Amino acid sequence: MTAIREISLGEAMKEALAEEMRRDDDVFLLGVSIRAGTFLHTKGLVEEFGERRVLDTPLSEPGGVGTAFGAAQEGLRPVLDFMYAGFAYFAGSEVFIQAGQYHFLHGSKHPLPMTLIGTCGVGRRVANEHATLPYGALIHHPGIKVCLPSTPYDAKGLLKAAIRDNNPVFFLWHTSLMALKGPVPTDEYIVPIGVADVKRAGTDVTVLTSGLQVHHSLKAAEAVSSEISVEVIDVRSFEPFDLPCLLNSVTKTTRLVVVDEDFERGGFAAEIAAQMMEHGYDLLDAPVRRVCHPHMPVPGGYIDAYSMPTPARIEAAIRDVCR
Amino acid sequence: MPTKPRGASAQETLTRDHKRLLYRNLVRAMTLDRMMMRIIRAGKMVGFYHEGGIALAPGVAAGTFLRRDDAMNPHYRAHGIAHMIAKGVDIQSYVAEHMGRVDGCAKGRSSFHVSYPEDHIFGWSANIGANFPPCIGYGFAARYRSTDQVVMNCSGDGSYQEGRAHEALLMTANWHLPVIFWCENNGIAQSSALSDLFPIADISRLAAGYGIPALMVDGQDLLACGEAALAAIAHARAGKGPIFVELKTLRSQEHNVGGLNNEGAHTRDPALMQKWRDTRDPLTLATARLLKDQVLTEAEVADLQLEADREAAAIEVHCEASPKATPSIDELMAGVYAP
């Protein structure tokens, strides 16, 4: 019988990992200090699955990604945890070039079922390396799927989908959402990669966003709800991107604000603005607005709380496009 | 450039059949290397080529004694053709790939990437040193599944300048993985002398720091290379962890066809290159040795060359006949992700 509990996003991720590891012996987990469980989602997994399937890697990111890469070519389904997604840049060649090109450049003959996990997000006061959200850089490089959940339900379903995918998938999660609780059914389910989700329906303006910024956008939507009806779309997957969902929404609302916690320059928000121009210019009654992290390295200290998109900045952008 | 074996401990374990097989593969490899040179000089190759020349004995030895399910990363010298034919790969589709044809192993879209997943040669990257991380994974998969597969990880001295090499030494040693570090050391990385880039002449000395045993052999001596391959494969197959084999070889031509043949600021001495070709050609050396030891007859030597010439000619004709690959962008886009 289906039951629905309230569990945290970290616990939801752990359930996804454990269920997939129970289901398929080819799934194994490797990463930096994951036996101890630096974060909630790997804590205790070594007790159930043993040291054969839960491996601590040295601080050798290219070696770690390569282990996953080679093992995937040999038919296993590795899940590599970077701890912080910013550490993935150590393995730039493997992550940004080789993972995505492997299938295509070798004749589309052989799958590469490899999941990469890393946390990211502004607002932890610890500055750039721990905050960097690499999805803008990742989607620039073809062949790797990228997702970022905003709820425990989506986190579990997307992570399970990532592990079952026959391609490299970078599953990002936002550090500030680790303890966020939400309803998750006990029955098995999958959230398909490449499908966006309308988190709040509205008719006047569309806010397209992801991760923590879904919650900030929902706050902004609530704040203006007596005057403006805001539709909030959670992209969930940056690649593949659910363009039909966006176009359907803007057909109704005629206005678009893209809220992106990543750096402003050449990022996901700019990509969406360009796609909107190419595929839905005639739908728009106002120019597309971006709300991003300013194009400066993410600062630490008390500054990041306002350098990132805040509900107030999002509200201002919503009001601006609805003038 | 040291060419004498030092510290090698492999004993004579090659059978008569092993020697004949190694020799046949070397004849084929060097003949196919000349065929690739013909193709590129005729302007029929879409990309570049890195001539094998007199450096192909290590590659032949690396492949000859592997099983089909043993993973291998071929070294790019002669674009891995020596390594792959020795392992039993039908490389006709690889030549077609170099010519941008539909029969190419990557459907004519990759220029030079190897793609033989059924032979556990999964592919490669042009980023030198990119071989090391996946080879950890191949070894890991073997251990994870408790098979006795081994990994033949071939690359040159230049690749050991990448941090990835050191990560692979660390991780394979720590996890006791069946990976053979097969270092074909020709003393020069593109146009930079190894002595200019490395504080030590023998790269295999790195292995000791990770507790990995090492062999060092004369890479111009086909039988010495073969003995080292047998010893290394036996070591890895027996579950004794990684092993390092350094094969001292020679590059008697430029790095890539048409490129500079410099060592730093200076042009390499053409007379020295010629002397190496005259006195250190592994096929000439192996022919003399095997005739003397009566492993082969003059007639057999001639027949093997004839057979190799026919093989190369047939490949060239087939690839020429294969249509040039010009798929639509839509077709290509459909191949970005695996189903």
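Just so you know, in the stretch B:84-109 the residues that are aliphatic (A, V, I, L, M), farther than 19 Å from B:Asn25 by Cβ and in contact with an Asp or Glu (Cβ under 7 Å, 6 or more places away or on another chain) include one that is nearest to the other protein chains (Cβ to nearest Cβ), and it is B:Ala106.
Applying the selection to the stretch A:28-42, what residues are touching a residue at least 24 places away in the same chain (Cβ under 8 Å) and either more than 9 Å from chain B (Cβ to nearest Cβ) or within 17 Å of B:Thr172 (Cα to Cα) (or both)? Those that are touching a residue at least 24 places away in the same chain (Cβ under 8 Å) and either more than 9 Å from chain B (Cβ to nearest Cβ) or within 17 Å of B:Thr172 (Cα to Cα) (or both): A:Leu29, A:Leu30, A:Gly31, A:Val32, A:Ser33, A:Ile34, A:Thr38, A:Phe39, A:Leu40, A:His41, A:Thr42. Within the option set B:Val89, B:Val60, being open to solvent by less than 10 Å² (accessible area, probe 1.4 Å), in a helix (DSSP H, G or I) and over 17 Å from B:Ala189 (Cα atoms) holds for one residue only, B:Val60. In this structure, B:Arg237 does satisfy being touching a Pro at 6+ places or on another chain (Cβ under 8 Å), of a type in the set (D, E, K, R) and either at pLDDT below 95 or open to solvent by 40 Å² or more (accessible area, probe 1.4 Å) (or both).
For the stretch A:73-165, give me every one of the helices (runs of 4 or more DSSP H) that falls completely inside it and has 1 or more residues that are away from chain B (no Cβ under 14 Å) and buried (at least 21 other Cβ atoms within 10 Å of the Cβ).
Working: elements: A:99-105, A:128-131, A:135-139, A:152-164.
So the answer is A:128-131, A:135-139, A:152-164.
So which residues in the stretch B:110-129 are touching a Ser or Thr at 6+ places or on another chain (Cβ under 6 Å) and facing chain A (nearest Cβ under 9 Å)? Before the answer, list the steps.
Narrowing the stretch B:110-129 to residues touching a Ser or Thr at 6+ places or on another chain (Cβ under 6 Å): B:123, B:127-129.
Scanning the stretch B:110-129 gives B:Gly123, B:Asn127, B:Gly129.
Okay, residues lined up against (1) in a strand (DSSP E or B); (2) closer than 30 Å to A:Ala72 by Cβ:
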{"site": "A:Gly182", "(1), (2)": "yes, no"}
{"site": "A:Glu188", "(1), (2)": "no, yes"}
{"site": "A:Val198", "(1), (2)": "yes, no"}
{"site": "A:Ala221", "(1), (2)": "no, no"}
{"site": "A:Pro244", "(1), (2)": "no, no"}
{"site": "A:Val250", "(1), (2)": "no, no"}
{"site": "A:Glu261", "(1), (2)": "yes, yes"}
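Looking only at the stretch A:43-69, which residues are in contact with a strand residue (DSSP E or B) (Cβ under 8 Å, 6 or more places away or on another chain), facing chain B (nearest Cβ under 7 Å) and outside any helix (DSSP H, G or I)? Listed by number, the list is empty, since nothing qualifies. Picking from residues in the stretch B:164-193 that are in a strand (DSSP E or B) and either without any contact (Cβ under 8 Å) to a residue 40 or more places away in the chain or of a type in the set (A, V, I, L, M) (or both), the one that is surrounded by the fewest Cβ atoms within 10 Å (Cβ to Cβ) is B:Ala193. Among the residues making up the stretch A:222-238, those that are crowded, with 24+ Cβ neighbours inside 10 Å, among the aliphatic types (A, V, I, L, M) and out of contact with any Cys (no Cβ under 7 Å at 6 or more places or on another chain) are A:Val230, A:Val232, A:Val235.
Yes/no per residue for (1) open to solvent by less than 80 Å² (accessible area, probe 1.4 Å); (2) in contact (Cβ under 8 Å) with a residue 12 or more places away in the chain:
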residue: B:Ile243; (1), (2): yes, yes
residue: B:Leu283; (1), (2): yes, yes
residue: B:Thr287; (1), (2): yes, yes
residue: B:Val295; (1), (2): yes, yes
residue: B:Ala299; (1), (2): yes, no
residue: B:Val317; (1), (2): no, no
residue: B:Ala325; (1), (2): yes, yes
residue: B:Met333; (1), (2): no, no
residue: B:Val336; (1), (2): yes, no
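Only a single criterion out of (1) at positive phi; (2) in contact with a Cys (Cβ under 9 Å, 6 or more places away or on another chain) is not satisfied by A:Gly266, namely (2).
The values are calculated or read from the model by the stated rules, or taken from the named source; none is laboratory data. Predicted model, so just to flag it, every value in this text is computed and none were measured. Note that we place each Cβ from the backbone using ideal geometry, even for glycine, and neighbour counts take in every protein chain shown. Keep in mind that these areas ignore ligands, DNA and RNA; they rest on the heavy atoms of the full protein, side chains included. Shrake-Rupley method; radii C 1.70, N 1.55, O 1.52, S 1.80 Å.
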